[in-house]
Amino acid sequence: VDFGDDVEGDVSQEEGVEVRADLRESVGRVASDLRRALDEAPRGEATRSGVRVALCGAPNAGKSSLLNALARRDAAIVSATPGTTRDVVEVSLELGGLPAFVSDT
């Protein structure tokens, strides 16, 4: 289809170059924003849902003592007798500015 030179909406070659440059810039900004959002997605999820941390190790390695220190209270029993933590003890707290759920196993 051949539209004449007088068709409304035609742009000159110079205007076309400008339009394409503006379009490339806009698409570049959107692509950059999307990359940043994808890069930050894991931190965003951790910020919303929190992180889960399990303290694992040999009996009497200090897991319950570490949990109590992180919680700043006596949340788990600490004893010289190995195997006193029979059930998982979980404490909600903030680690590095993120909500965290720390479990003593």
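The values are calculated or read from the model by the stated rules, or taken from the named source; none is laboratory data. Keep in mind that this is a model prediction, so the values were computed, not measured. We place every Cβ from the backbone using ideal geometry, glycine too, and count neighbours over all the protein chains shown. These accessible areas exclude ligands, DNA and RNA; they are computed on the full protein's heavy atoms, side chains included. Shrake-Rupley method; radii C 1.70, N 1.55, O 1.52, S 1.80 Å.
Summary table
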{"item": "Rounded accessible area of Arg43 (nearest 10 Å², 1.4 Å probe)", "result": "140 Å²"}
{"item": "Distant alpha-carbon pairs in segment 14-65 (separation over 17 angstrom), percent", "result": "66 percent"}
{"item": "Accessible area expressed per residue, the chain, with surrounding protein chains retained (probe 1.4 Å, Å²)", "result": "79 Å²"}
{"item": "Mean Cβ count within 10 Å, highest first, over the residues of peptides 62-70, 75-83", "result": "62-70, 75-83"}
